[in-house]
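Report on one structure; see the data block that follows.
The values are calculated or read from the model by the stated rules, or taken from the named source; none is laboratory data. Since the structure is predicted, the reported quantities are computational estimates derived from the model, not experimental observations. So basically every Cβ, Gly included, is an ideal-geometry build from the backbone, and we count neighbours across all protein chains shown.
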Amino acid sequence: MTIAQLTKVALVFPATATQPVLNALQHWGQLHIIEQRNRTPVEVNAENIKQTELALRYLQNCPAQRTNINHSNVSIPTLIEKILHNRSARLDLEQTQNTLQNKIKTVKPWGYFRWPTQRHLNGQRLWFYCLPHGQEHKLSAELKSQIVYQDTHHTWMVIVAEHEPTQDQIPFARTHIGQQTLAELESEQEAAQVLMEDLNAERSALTRWLSVLDSHYKNLLSEQALFEARSALDTDQRVSHIVGWCETQQLESLNALLAPFHCVLVQLARSDDEDPPTLLKNPKALQAAQKLVTFFQFPGYDDWDPTPVLHLSFIVFYAMIMADAGYGLITLGIGLWVQWRRPAQRIWSQLIIQLGMVSTLYGVLVGSYFGISPPDDSLLTHAQLFDLNAFDQMMTLSLFVGMAHLGLALLIKFRCHTGSEKWMSISWLWLLICAAFYVTTDHLASVYAMLITPAIWAWTSLFYGQNLLSRIQLFFAPFMQLSKLFGDVLSYMRLFALGLASASLAMTFNQLSLDIRDSFPGMGVLLSVIILVLGHLLNFALAIMGGVVHSMRLNCIEFFNWALNKEGYAFNPFKRF
């Protein structure tokens with residue numbers, strides 16, 4: 001649960017051993033190669049990789065998969081061309097189907113008819129209009145018209161005239177239905193549907209080659225990585241060397257790997273302005289949280305790994321926003337189903353299961369079961385510790401959670417940093433502790449104790465400031481962040497607000513369902529069940545959305561702003577794919 005310690009190394013080896021050394025390093029897959037500055041990159045077949053990836057993703061997204069063939073003499077370029085041709089044909093056909101569907105929707109009210117010739121109309125033409133229902137009286141009396149179809153909103157009308165009616169004669173826009181009849185359009189639609197079925201069948205048959213195509217795609221990526229590694233080499237006629245970052249505990253393994261190639265491993269000192277990549281080392285139970293961390297921001301190498309804290313706080317915040325034991329059990333059921341049906345998504349299913357368990361527990365603590373409170377003197381009532389309707393209590397709880405969360409960030413920052421950052425962190429932490437005591441006791445002594453904070457700022461500015469200007473800046477800069485700290489703490493009020501909204505909406509749907517049942521005997525029972533189910537499904541979906549979005553927001557914005565100094569970049573090992 002840490003950021004791995006890295007060592008900068010230079011590998012020096014004979015130029016004749018370049019290819020074997022690079023192959024060995026690529027199979028080892030634990031060296032982050034540093035790209036040489038001002039070095040022209042080696043050209044790779046990027047278009048080939050792009051086309052292969054597009055074909056691979058297209059087949060992977062096919063809903064009807066066939067049994068894969070792992071070994072075959074199939075021509076890869078021909079296979080890719082065939083897949084992409086199928087994809088292009090399907091996209092064009094989908095657009096054609098959409099166009100036909102829109103045309104049929106426009107023409108259908110006019111019914112099945114054949115276009116008459118000019119000789120049959122005696123020089124007249126047909127003009128089609130769709131009018132708002134009840135507006136027929138606005139037509140000029142001199143127009144020859146026929147109503148073809150009507151519904152509660154519109155009237156479809158045909159006007160026979162030699163020239164298009166003017167705006168004065170009919171103050172409505174004309175409907176352009178094209179030259180094709182409804183029968184012709186439906187015939188084209190049927191043919192397009194048959195062709196789409198053929199293309200889908202061909203796509204499904206092509207999924208037999210997924211394993212072959214995936215292997216080819218990984219080989220292309222490996223070749224690209226090898227080309228990029230070659231561009232990072234510094235070589236002459238006799239000796240080559242390459243520089244990179246290696247995990248410190250893997251140095252012996254690297255030395256043993258390269259010994260047969262007469263390679264010399266030199267450990268280099270890190271320069272002051274150099275930022276090593278970040279390699280996060282977390283157990284499988286925290287892999288989902290690590291993905292959430294890196295999705296938003298990679299911590300810097302000299303920072304700390306916030307994955308364990310985010311894992312715990314994300315679950316707690318989600319539970320507080322869900323605020324219902326019934327919804328928690330549904331979340332738990334979803335997690336168990338994902339774990340059973342999607343073994344490959346195990347890291348996410350475990351997180352969902354934990355979210356469901358903690359949400360159920362918190363729902364019991366606040367006494368909410370699908371928006372229903374337990375009966376008085378029941379076992380569930382005795383397990384209830386908080387009341388969602390006790391606004392003062394719940395707001396205080398949310399504030400304490402926020403101060404504890406930010407306080408943990410400052411405490412860890414105090415332990416991980418040195419210099420002025422260390423003492424600034426402890427000053428903010430002291431301010432939060434005093435604020436927590438004031439909220440609890442309402443005693444002025446806590447306010448007076450806050451004055452220690454600017455004293456720490458003054459001491460820090462005097463001790464770490466290099467000159468008068470830097471000391472003034474160090475002292476007054478924290479005052480500008482006071483409002484930020486205050487706003488970040490208040491931001492945790494969303495935990496109470498969203499939890500109360502979820503519980504209130506659940507109770508509203510329950511009451512609405514009961515009212516419908518009592519108001520409409522017989523059918524009211526069915527309507528009440530429909531409202532109850534759809535209402536709780538909607539509320540559950542909103543609770544999930546709010547729980548995920550706002551839990552991530554509190555961690556990645558409020559928490560990271562106080563916990564992390566700067567953003568890093570990922571450790572990118574030179575490896576085979």
Inset, instruction - Filter the range 375-398 for residues that are among the aliphatic types (A, V, I, L, M) and closer than 15 Å to Val439 by Cβ and give the result. - result: Met394, Met395, Leu397
Inset, instruction - Tell me which residues, restricted to the range 144-170, are under 22 Å from Gly111 (Cα atoms) and not in a strand (DSSP E or B). - result: Asp151, Thr152, His153, Glu164
Legend entry - Lone unmet requirement of (1) assigned to a loop (DSSP other than H, G, I, E, B); (2) surrounded by fewer than 15 Cβ atoms within 10 Å (Cβ to Cβ) for Gln180: (2)
Legend entry - Evaluation of Arg208 against (1) in contact with a helix residue (DSSP H, G or I) (Cβ under 9 Å, 6 or more places away or on another chain); (2) surrounded by 16 or more Cβ atoms within 10 Å (Cβ to Cβ); (3) closer than 27 Å to Lys50 by Cβ (one fails), failing number: (1)
Inset, instruction - Name, by its number, the condition in (1) of a type outside the set (Asp, Glu); (2) farther than 29 Å from Arg494 by Cα; (3) free of Cβ contacts under 8 Å to residues at least 40 places away in the same chain that does not hold for Ser420. - result: (3)
Legend entry - Which numbered condition Tyr301 misses (of (1) among the hydroxyl-bearing types (Ser, Thr, Tyr); (2) closer than 22 Å to Leu410 by Cβ; (3) assigned to a helix (DSSP H, G or I)): (3)
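Only helices (runs of 4 or more DSSP H) wholly contained in the range 444-525 count here; list those with 2 or more residues that are at pLDDT below 80, of a type in the set (A, V, I, L, M) and over 34 Å from the mean Cα position of the chain (by Cα).
444-449, 452-464, 468-476
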Inset, instruction - Look through Ala225, Ala141 and report the one residue that is at pLDDT below 90, part of a helix (DSSP H, G or I) and either under 30 Å from Arg125 (Cβ atoms) or out of contact with any Cys (no Cβ under 8 Å at 6 or more places or on another chain) (or both). - result: Ala225
Inset, instruction - Scan the range 261-281 and report the pairs whose first residue is within 14 Å of Glu567 (Cα to Cα) and whose second residue is modelled with pLDDT of 85 or more and of a type in the set (A, V, I, L, M), with Cβ atoms within less than 7 Å and a gap of 6+ or a chain change. - result: Pro276/Leu6; Pro277/Ala570; Thr278/Ile3; Thr278/Ala570; Leu279/Ile3; Leu279/Ala4; Leu279/Leu6; Leu280/Ile3
Inset, instruction - Determine whether Ile530 is in contact with a Leu (Cβ under 9 Å, 6 or more places away or on another chain) and either farther than 29 Å from Ile315 by Cβ or in a loop (DSSP other than H, G, I, E, B) (or both). - result: no
Legend entry - Residues that are crowded, with 21+ Cβ neighbours inside 10 Å and not hydrophobic (A, V, I, L, M, F, W, C), drawn from the range 277-302: Thr278, Gln290, Pro299, Tyr301
Inset, instruction - Say whether the condition of being part of a loop (DSSP other than H, G, I, E, B) and in contact (Cβ under 8 Å) with a residue 60 or more places away in the chain is met by at least one residue in the range 319-336. - result: yes
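Listed here are the residues, each with its yes/no results for (1) of a type outside the set (Phe, Trp, Tyr); (2) over 30 Å from Thr52 (Cβ atoms); (3) loosely packed, with under 15 Cβ neighbours inside 10 Å; (4) without any contact (Cβ under 8 Å) to a residue 60 or more places away in the chain.
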{"residue": "Arg114", "(1), (2), (3), (4)": "yes, yes, yes, no"}
{"residue": "Ser145", "(1), (2), (3), (4)": "yes, yes, no, yes"}
{"residue": "Thr155", "(1), (2), (3), (4)": "yes, yes, no, yes"}
{"residue": "Asn200", "(1), (2), (3), (4)": "yes, no, no, no"}
